[in-house]
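Just so it is clear, none of the values below were taken in a lab; they were calculated from the coordinates. These numbers were taken from a predicted model, which means no experiment stands behind them. Here the Cβ positions follow ideal geometry from the backbone for every residue, glycine too, while neighbour counts run over all protein chains shown.
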Amino acid sequence: MQRKILLIEPNYKNKYPPIGLMKISTYHKSIGDHVQFFKGNLKDLILERKLDVCIERMRKFPCDEHKDTAEHVLDYLKTKRLNSLAIVKGHFPEEFHCEIEPILKFCAYNFIPTDYWDRIYITTLFTFYWKITIKTIEFAKTLMTDSSRIYVGGVMASLLKKEIEIQTGIKPFDGLLDKPGILDVSNELIVDELVLDYSILDEIDYKYPTQSAYFTFMTKGCTRKCSFCSVPKLEPTYKSKIESIEKFKEVTETFGEQRNLLLMDNNVLASPKFPEIIQEIKEMGFYKGATFNEPNQLDITIKNLQSGHNDKAYTKRASLIIHKFFKKLRGPNKERLRLLLERFEVPLDKISSKNNLIEVYPHIDQLFEKYRSKKTVLRYVDFNQGTDARYVTDELMRLMSEIPIKPLRIAFDHIGIQKQYVQAVELAAKYGIKELSNYILFNYLDKPNDFYNRLRINIDLGKRLGINIFSFPMKYVPLFGEEAKDRKYIGSNWNRKFLRAVQSILNATKGIVAPGYDFFENAFGTDVDEFIEILYMPEQYIMNRKYCLNSGITEQWRSDFNALDSFELVIAKQIIHDNYFDNILITTNNIKIHRLLKHYTLAKLTIQETEIEVKKLKSSYNKLIRDDMFKNLTLTYDFDGS
């Protein structure tokens, strides 16, 4: 018996698609189940189901096929307006209006799709997405009378297992689906080893910035036990080689060739089989200088539509490909395509039907093939979780240089690995790897001066070696307990003002510290002392540095700061550390401290010169992110808009 499976990713903003759900989709489809993927406003999921029920119940009545009934039914379900109701009824002969109206009103006001789905799977990501994830689980509970048919898994589910169970009553799945019989006792398939179902990503409107890419692992787990990292909990057993080549071929055959290779390994350099891994990557077509030509996506989509692999995804995908292609065409070819689409009732402003898309394709396939983009571009490989500098050797870096790595991510989590990190970067430069990036973890056990020094080391290395190193400061959030549920944690060597100051410094650059001394020294200071001074500076003075400096406002703040004696400075710094200035008059009666703290109570500066300066900087970094997918993928949660 075919089961109906609903996969949900909470509606947070994230960079990478839900790998676990993509494998679960493959699993259920392989045993004949129907799978639906959803990410978005949960109310829209209910609307989709209400619409399906309405249309299904009204099919027995004769209808004017030339009118888009579904569109108007959806409008009524959303708005409940009487004129929308009248429009829908007008699609049917008058003698059936008395039967049509109760169906519409029942769906609009009373229908809840309880127990429509046989199972609901909910993935989880970062622990600080606690609120939206719990809201999603509670929503799923309204769709099931038996909550044991709701499966919660993923990162947060493993790290906050007890907390989720206490909050929702549902016991999450902890760990990987790496053994047979986990989802169904009698089934021997190992879900974690299955090929990803890329098609489900086209069911939703949300677009992950990964673009055309293969997602896979060459290894699993990590040999390290870093206390700030979740990998030892999520993937406790290190696997030095995961078979990937056959999965790669299957993805290519089903979903078409992809441009880039995004590898999710947590510590690939620890593998004694790293030479084999590099060889396999090259066999996949990712050798140095490898190029890529986009395959005929419409042809792939129509073939999958004909096979019935995922009708919802591929009708949407085919429609959008045709819409985009139509906009690209000019002159007689555009008019020819328009007439063909009209003839086969393929609209240019909405999703078409499966049958109409299949019927029109033989008439437009040659036109599409002739004028579609065939631009040749370079292919890239990205070990997106970073590589471990402590494992880098001359030979390993030589092997790494044989694939089109971009960027090479080398972890620089703390100043204690400075020597190994510098040597690893030097070896990268030796073998011609010019694009590097890393996360700079802060707010953990580090001190602000450690943070500054790691950023400075990257700037100095880039200049000395003639390479580009992009740093991405990443604020530490605990993995377990109440402090893991949001982003408010303050490390023992940090304070609220310093954390806010770092965010203010990087606000215009989306959290990117680019190569070069000009921006770095202007933003972070020429040395540690100047950096610490900037951390104490009022937020508006940090964000509008040039104007405030030129107008003398910054110098006045500095004068008021330096006018305090040692005792006054202790009091003032504590107030500044708390970053709360609403009640400065009752916090202390010291006039000199009041004078200093007034700088922190200024309203947002709106000076035209300042706005132009900040807008120009933001514009340049927005372009940088838009033009480079890998920088977009690396943006941290503090700066990516989530």
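Plugging the Kirkwood radius over Cα pairs into Stokes-Einstein for region 297-374, at a temperature of 20 °C and a viscosity of 1.002 mPa s, what D comes out in µm²/s? Spell out each step's value before the answer.
Values: Rh = 12.3 Å.
Value of D from the Cα-based Kirkwood radius: 174 µm²/s.
Taking all C-alpha pairs of the chain, those more than 32 Å from each other amount to 59 percent. What residues from region 503-519 fall in the zone where the backbone N is under 12 Å from a label point 7 Å along the Cα-to-C-beta line of residue 620? Output list for this probe position: 509, 514-519. Scanning residues 5 or more positions from residue 444 or on other chains, those with amide H under 5 Å from its amide H are 476, with H placed 1.01 Å from N in the peptide plane.
Once the Cα atoms are used to define both axes, helix 608-627 deviates from the longest principal axis of the chain by about 60 degrees.
Are there any trypsin sites (Lys or Arg not before Pro) in region 58-155 that are in a DSSP loop and have at most 14 other Cβ atoms within 10 Å? List them by number.
Values: sites: 59, 60, 67, 78, 80, 81, 89, 105, 119, 131, 135, 141, 149; in loops: 59, 60, 67, 80, 81.
For trypsin sites (Lys or Arg not before Pro) across region 58-155 that sit outside H, G, I, E and B with at most 14 neighbouring Cβ atoms in 10 Å, the list reads 59, 60, 67, 80, 81.
Taking the Cα atoms only, what angle lies between the long axis of helix 97-109 and the longest principal axis of the chain, rounded to 10 degrees? Tilt of helix 97-109: around 20 degrees.
Calculate for the chain the 222 nm mean residue ellipticity that helices alone would give, adding -39,500 (n - 2.57) per DSSP H run of length 4 or more and normalising by residue count, nearest 500 deg cm²/dmol. Present the calculation step by step, with values, prior to reporting the outcome.
Details: 29 runs with 309 residues, N = 642.
Roughly -14500 deg cm²/dmol at 222 nm, from the helical runs in the chain.
What whole-number distance in Å separates the alpha-carbon centres of region 342-369 and region 304-322? Here the two parts' Cα centres lie 11 Å apart. Taking the alpha-carbon centroid of each part, what is the distance from region 66-95 to region 515-592 in angstrom? Rounded to whole Å, the Cα centres lie 62 Å apart. Computed over region 4-193, the range of Cα coordinates on each principal axis works out to 58, 34, 32 Å, biggest value leading.
Mind ordering 223-233, 312-322 by average Cβ neighbours within 10 Å, highest first?
Working: 223-233: 14.7, 312-322: 21.0.
In decreasing order of mean packing, 223-233, 312-322 become 312-322, 223-233.
Annotation note: chymotrypsin sites (Phe, Trp or Tyr not before Pro) in region 112-190 located in DSSP loop regions with a Cβ neighbour count of at most 16 within 10 Å are 116. Rounded to the nearest Hz, the phi-derived 3J(HN,Hα) couplings of region 213-220 under the Karplus curve 6.51 cos²θ - 1.76 cosθ + 1.60 (θ = phi - 60°) are 7, 8, 10, 7, 10, 9, 9, 10, where x marks glycine and proline.
Beyond 18 Å in Cα-Cα separation lie the following of the pairs 249/282; 510/618; 546/615; 207/316; 328/370; 39/105: 39/105.
For the chain, what is the charge dipole size about the Cα centre, in debye to the nearest 20, if Lys and Arg each add +1 at the Cβ and Asp and Glu each add -1 at the Cβ?
Numbers: 94 positive and 85 negative charges, 176 e Å.
Taking the Cα centre of the chain as origin, the dipole is about 840 debye.
Annotation for region 234-264: GluC sites (Glu not before Pro) lying in DSSP loop with at most 12 further Cβ atoms inside 10 Å of their Cβ are 243.
Seen from residue 412, the other residues with C-beta closer than 12 Å to its C-beta sum to a net charge of +1, counting Lys and Arg as +1 and Asp and Glu as -1.
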